[in-house]
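Quick notes on the structure that follows.
Each value in this text was obtained by applying a stated rule to the coordinates, not by laboratory testing. Remember, predicted model here, so these are calculated numbers, not experimental data. Note that we place each Cβ from the backbone using ideal geometry, even for glycine, and neighbour counts take in every protein chain shown.
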Amino acid sequence: MILAGGVGRRFGSAIPKPFIKLNGKPVIQYSIDVIEPFVDEVIVVAAAPYGRYKHAPAGNNRQESTLNGLLKCDNPRFVIVHDAVRPLITERNIKEVIDALENGAICVSSAVPIVDGFIDHGVPQTKDSKMLAQTPEGFDYLTLLTALEQAEYLYQDCPSLLYEEYGIYPTIVEGVHMNSKLTFSRDLENAEGVLRFTEQKLLSRPNLRGKRILVLGGSGGIGSICIQLLRSMGANVDAPVRGQLDLSRQPRFLLEGYDGVIYAAGTFRPEREIMGVNTLSCYELLRAARDQNWKGNIVFLSSTAATFGRAGSTLYSASKAALNSIIESEHAGLAELDIFINAVAPAKVNTPMARAMHGQLPPGELLNPEFVADHVVRFLDTEKHGQIVYLRNGM
């Protein structure tokens, strides 16, 4: 259940906060995209229906809205409640809530410890054992439904209701420190920056045995490592060698018979080829997939250089920023055609091209190409789309 019925007076927008665009996508959709794979159905509690999801009308307060949502449920065993304006939710957070419920918890609350100084009425206080409550929350459905139907007072949230009325302590799972509610308009710009670096990495490799994968740009670097990894996984790999690949000036590849494509081609010189190889060819590949009614996964190699222009590699940085923009613009429409596009954007990797671009760098500054390739192949069998996953040391 996604609670999206708040008015948001402090935010100061004519559009309710859950439906404002955040990096081009409604705030509410970030939460739905993470939660939906783990649940039987999604119910959006809001003033008006949203998308294809079951709708429950918003109430006059949080408690009433939650009850309205529960009454739309098809008598499940458990229910997860989440604020639509907390878009930085993670798969780990959802899994831990579900695990706690399946292990006997009646009420589960996400919370994070207070790490800043804590002041109460102007007096500094110890922050030991103090925590900030968040969502998602999880509940035994019938327990919560009964409590809300019988409640005579208003509580700030459902865990408070269950504790005060029934003495039920919530089971606490670790939340996400950055996942505070979007309350003020300035919170939106902060979230936009954070979200660019918090796209969800996939946790495991898919079963690609017998799958046919096309690798473009596999003559060296990360592409060649991807080929080795794919073959060790039992995939059938085609890797045409075309030198500096530029689909903007060559016939399009025929994609029939392939289950997935890795676009690892990239160059930083000569300048006249950078945009063609790094960007325009990627757009042509997507056009070919659409025109040929192809279905499958395409994974692009982007770069953290897209986030801020680098002196000495201006066009390279620009080409990767443009690639990211193409993915952000095209992924939703392509997903409706069962074409799922994503990108892995590493920092400097220990490859010949990186050494040619930057010279000799301390080993600690370079990512291992095997590490990057491992993350690339994970996106060859997924219905996730529009993800640009940044890889850095420590991330």
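Each peptide among 382-392, 280-290 gets the average number of other Cβ atoms lying within 10 Å of its residues, and from highest to lowest they stand as 280-290, 382-392. Between G221, G257, G296, the GNM of the chain built on Cα springs shorter than 10 angstrom shows G257 fluctuating the most. Going by Cα centres, region 311-390 and region 28-81 are how many Å apart? When both Cα centres are located, 35 Å separates them. Segment D238..E152, full-extension length gain: 24.3 nm, with 0.36 nm per residue of separation and the alpha-carbon distance subtracted.
The protection proxy used here, the mean number of other Cβ atoms lying within 10 Å of each residue, ranks peptides 35-47, 120-132 as follows, highest first: 35-47, 120-132. Our summary gives region 212-391 a relative contact order of 24 percent, counting only alpha carbon pairs under 8 angstrom and 6 or more residues apart.
A Cβ-based charge dipole, computed about the Cα centre of the chain with Lys and Arg at +1 and Asp and Glu at -1, lands at about 1600 debye. FRET efficiency for the pair D291 and K25, taken as 1/(1 + (r/R0)^6) with r the Cβ-Cβ distance and R0 = 22 Å, rounds to 0.25. Counting 0.36 nm for each residue step from D120 to A322 and taking away their Cα separation leaves a gain of 67.9 nm.
The stretch between E164 and N103 holds 19.7 nm of extra length on full extension. This uses 0.36 nm per residue minus the Cα-Cα distance.
Pick from I213, I341, I114: which residue has the top mean-square fluctuation in a GNM of the chain where Cα pairs under 10 Å get a spring? Taking springs between Cα atoms under 10 Å, the residue moving most is I114. Dividing the helix sum by the residues of the chain, where each DSSP H run of 4 or more adds -39500 (n - 2.57), gives a mean residue ellipticity at 222 nm of -9500 deg cm²/dmol.
With a Förster radius of 35 Å applied to the beta-carbon distance between K54 and E256, the computed FRET efficiency rounds to 0.40. Normalising the average separation of contacting C-alpha pairs (under 8 angstrom, six or more residues apart) by the number of residues puts the relative contact order of region 2-195 at 24 percent.
Shown for the chain are the DSSP H helices of 30 Å or more along their axis, judged by Cα atoms, with a mean Kyte-Doolittle hydropathy of at least 0.0: 314-335.
Placing +1 on the Cβ of every Lys and Arg and -1 on the Cβ of every Asp and Glu, with nothing else charged, gives region 2-195 a dipole about its Cα centre of roughly 760 debye. DSSP finds beta bridges in region 2-195, and of those with both partners inside it, around 55 percent are antiparallel.
Short-range pairs are left out: with C-alpha atoms under 8 Å and at least six residues apart, the relative contact order of the chain is 13 percent.
Of all DSSP beta bridges confined to the chain, the antiparallel ones make up roughly 30%.
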